[in-house]
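One structure below.
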Amino acid sequence: MTAPGEILHTGAAEYPGLDNWRSLPLSQQPDWRGHEDFEDAYEQLSANPPLVFAGEVDKLKDRLAKVANGEAFLLQGGDCAETFDGVTADKISAKVKTILQMAVVLTYGASLPVVKMGRMAGQYAKPRSSDMETRGETTLPSFRGEIVNGFDFTPESRRPDPKRMVQAYHKSAATLNLVRAFTEGGFADLRAVQQWNKGFMENPAHTRYEQIAGEIDRAVRFMDACGVEFEGLKRTEFYAAHEALLLDYERALTRIDSRTGQPYVTSGHFVWIGERTRELDGAHVDYLSRVRNPLGVKLGPSTSPETALELINKLDPEREPGRLTFITRMGAKNIREKLPPLVEAVRDSGAKVVWVTDPMHGNTITAKNGYKTRRFDDIIDEVRGFFEVHRAAGTYPGGLHVEMTGDDVAECLGGSDVIDESAFDARYESLVDPRLNHKQSLELAFLVAEALTE
Ligand code: PEP
Ligand code: MN
């Protein structure tokens, strides 16, 4: 007998339509099908246990249905690109800790539960603007994330290697294991998390948030004094999300859930389709339309209302609550002009999606010293624009999607503890896009909490 929720099949799932994508336009993939190790890597992944269970994925969909109804808020955060070397206890705990701290502040601001999700345990594949990169006289394949090739600019490192998919699977398993231990084992105790926020508040740069921090502190102490059962507050649900870019990896990790007989991507709870792979007739949209996970789609400033409605028809034909999240990344300059037509068209169609702001990807600039960066003020401006647009349309601004880390890096400009370009040489660590550091992430959470209580 199979218990409810148990995964019946091992091996790449058999299910009608799951291989349709193979005959459709497929962008942003490495050229590795003929590679001698490809079949072996694919088979290993197909035989490995799933990283997440279908029951958890369904629970997340229920949580997201609440977000779509304005009864919860979604926080998604993590690296632009995870790295294999970044899978250490210190780095994972700093990241989880920062997301939990942000979540406490946002819970207060929104007076609602916050669904916590990391761009973690699978965020290894990156879309690139060009297949090749040239430095001086040398042209090599672009870096596509450590699940595909290495960052070092040498022919050996840049050669796509399918064995890296298996390594990414194991690194994701190790990450998820620690995340589960932290969030189930007492690390996420609300009182401890609030204590960590006090450390942030001790810095004079952050006195403007004293009122909010003080109010959160009083609320926590009040619950404690009332003898509120803190057992439940010691644990928290924490979900894993990544861009479902590398379809060989996603296909090999797709499993059929025995309760429903439906396919699920088991590489993470939530997966999203990026701005560069959301063509309506492309492979990514087709593949993800056939799995039952909650899905995100990134929408940039060129998205038309018709495209948004078509994406809903393809990815959420049943209009299932919590199924579809639109993650808008318009840029601070565009959001007040480009977002309203989309929000209004979706609202008027009667469809319900979760609306999330990604205030990072529309605000990338090149610093004078050559680093890819973003200004903290632009990020804040896009978030404010997002709230303004949804207020005006009568729709619900459901969440925040950020590239962040728990470490003290210098990658984005500004913040109260000002980061300027001179810090980049010593403290810029990201292999791809610039992330908010620990303090900038918390400052953003306080600013959003302020906006939510205005
Ligand atoms: C990303 O999230 O790192 C990314 C590449 O985003 P987008 O698809 O929005 O460009
Ligand atoms: Mn990015």
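Derivation of every value follows stated rules applied to the coordinates shown; laboratory data play no part. Since this is a predicted model, take the numbers as computed values, not measurements. All Cβ positions, even for glycine, are placed from backbone atoms using ideal geometry, and neighbour counts span all protein chains on display.
May I ask you to list the residues in region 192-242 that are among the aliphatic types (A, V, I, L, M) and assigned to a loop (DSSP other than H, G, I, E, B)?
Passing the criteria: only VAL228.
Answer with yes or no whether LEU452 is touching a Ser or Thr at 6+ places or on another chain (Cβ under 9 Å) and either under 25 Å from GLY214 (Cα atoms) or among the charged types (D, E, K, R) (or both).
yes
Would you mind finding the one in PHE387, PHE424, PHE376 that is away from ligand 1 (no atom under 16 Å from the Cβ) and under 25 Å from LEU112 (Cα atoms)?
Exactly one residue qualifies, and that residue is PHE387.
Report, by residue number, each residue of region 415-435 that is touching a helix residue (DSSP H, G or I) at 6+ places or on another chain (Cβ under 8 Å) and more than 16 Å from ASN369 (Cβ to Cβ).
Residues satisfying the conditions are GLY415, SER416, ASP417.
Spot the failing condition for SER93; the list is (1) free of Cβ contacts under 8 Å to residues at least 60 places away in the same chain; (2) more than 16 Å from ligand 2 (Cβ to nearest atom), and only one is missed.
Of everything listed in (1) free of Cβ contacts under 8 Å to residues at least 60 places away in the same chain; (2) more than 16 Å from ligand 2 (Cβ to nearest atom), SER93 misses just condition (1).
What are the residues in region 398-454 that are within 16 Å of ligand 2 (Cβ to nearest atom), hydroxyl-bearing (Ser, Thr, Tyr) and in contact with a Gly (Cβ under 9 Å, 6 or more places away or on another chain), if any?
THR405, SER441 - these are the residues of region 398-454 that are within 16 Å of ligand 2 (Cβ to nearest atom), hydroxyl-bearing (Ser, Thr, Tyr) and in contact with a Gly (Cβ under 9 Å, 6 or more places away or on another chain).
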